[in-house]
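See structure below.
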Amino acid sequence: MGILLSCLMLSIPMAGCTSDIQEIFGESWGVPGGLALACLRDDTYRELIIEIDHAPGYNPESSTVSLLKERLGQVCDKPDGIRVELNELDFSESNTWTAEKVREIAHETMDDDPQTSVLRWHVIMPEGKYSDESVLGVAVDASTIALFGDAIDDANGNFNFRISDEEVENSVMVHEFGHLLGLVNLVYTSPADHEDSQHPGHSNNEDSVMYWAIETFTIDAWFSGDLPTEFDQDDLNDLEGMKSGELSTSDQLWRP
Ligand SMILES: [Zn+2]
């Protein structure tokens with residue numbers, strides 16, 4: 001008699017974006033947004049470590065790292081600081097990635113658990129592309145992100161040569177962390193009407209880094225000006241509401 005592991009898998013269809021929600025019985029890495037309160041508040045986790053594991057030659061731009069720290073520092077209460085740990089790593093997978101593969105390999109390569117005395121979020125930057133090649137980045141659970149450098153390089157300059165690889169990487173990185181913070185409407189319901197009806201989990205404001213076209217291959221077809229790298233006022237209000245408890249949050253792995 002085998003024990004049937006119950007596996008609940010819900011896929012939110014998102015054009016160009018995959019924020020699959022998965023919970024495997026007995027081992028819960030949560031859903032994107034599941035550690036939002038742990039980041040926003042300082043009750044238990046006074047420090048945030050961002051572990052970035054990259055394949056050789058796939059290291060993030062220094063502007064991406066500093067921008068990410070700045071944006072998270074604006075919204076997350078971390079009196080002991082936000083620290084980035086960079087590691088070079090050979091990933092066993094270098095070809096086609098799926099959400100499941102990202103979870104499996106990211107969990108294996110993570111240096112410590114997400115929730116110890118500090119909060120740890122993990123980014124992998126491997127070779128290869130996502131199975132849907134239009135995807136530049138994914139948030140696959142409460143603490144795990146992948147950025148696909150090969151896709152980011154290709155996305156640049158299809159339509160608009162003014163936008164550099166570096167700028168695309170800047171925006172996609174902040175965008176994926178926005179998903180870890182629960183944006184938009186992943187673990188709460190915003191009082192503002194700013195979720196794009198065609199692209200669940202994303203903003204309808206092209207001035208927000210959570211705009212749906214960030215992280216898609218056609219990114220530079222959608223912007224005549226600079227790519228957004230900031231959360232807009234609706235995003236910030238949502239985060240503030242979650243933090244204060246004014247907005248109720250679901251699926252949290254930690255609560256005050
Ligand atoms: Zn997205």
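If you count, for each residue, the other Cβ atoms within 10 Å and average over each peptide, how do 67-73, 171-177 line up from highest to lowest?
Values: 67-73: 17.9, 171-177: 27.0.
Result, highest mean Cβ count within 10 Å first: 171-177, 67-73.
Place +1 on the Cβ of every Lys and Arg and -1 on the Cβ of every Asp and Glu in the stretch 22-244, take the dipole about the Cα centre, and give the residue among Leu239, Ser92, Leu68 whose Cα lies farthest towards its positive end.
Leu239
Note down the net charge around Pro56, summing +1 for each Lys or Arg and -1 for each Asp or Glu among other residues with Cβ under 10 Å from its Cβ. Provide the component values of the computation, followed by the final result.
Working: positive: none; negative: Glu88, Asp90, Glu127.
So the surrounding residues net to -3.
What ranking, highest mean first, results for peptides 179-187, 144-152, 46-54 when packing means the other Cβ atoms within 10 Å averaged over each residue?
So the peptides 179-187, 144-152, 46-54, ranked by packing, come out 179-187, 144-152, 46-54.
Starting from the Cα of Ser94, move 7 Å in the Cα-to-Cβ direction to define the label point; list residues of the stretch 105-140 whose amide nitrogen is under 11 Å from there.
127-128
Rounded to the nearest 20 Debye, what is the dipole magnitude of the stretch 22-244 about its Cα centre when Lys and Arg each give +1 and Asp and Glu each give -1 at the C-beta? Provide the component values of the computation, followed by the final result.
Working: 12 positive and 47 negative charges, 83 e Å.
Its charge dipole is roughly 400 debye.
Which order do Glu61, Glu169, Glu100 fall in if you start with the one that has the fewest other Cβ atoms within 10 Å? Before the final figure, lay out the partial values.
Working: Glu61 15, Glu169 24, Glu100 12.
With the sparsest Cβ surroundings first, the list reads Glu100, Glu61, Glu169.
How much space per residue, in cubic angstrom, does the convex hull of the C-alpha atoms of the stretch 22-244 take up? Numbers along the way, then the final one.
On the way: hull volume 26.3 nm³, N = 223.
Dividing the Cα hull volume of the stretch 22-244 by its residue count gives 118 Å³.
For the residues Val75, Val123, what sequence is obtained by ranking on other C-beta atoms within 10 Å, fewest first? Can you show the working numbers first?
Values: Val75 21, Val123 26.
Exposure proxy ranking, most exposed first: Val75, Val123.
Bear in mind that the values in this text are calculations on the coordinates, not laboratory data. Fair warning: this is a prediction, and the values are worked out from it, not measured in the lab. All Cβ positions, even for glycine, are placed from backbone atoms using ideal geometry, and neighbour counts span all protein chains on display.
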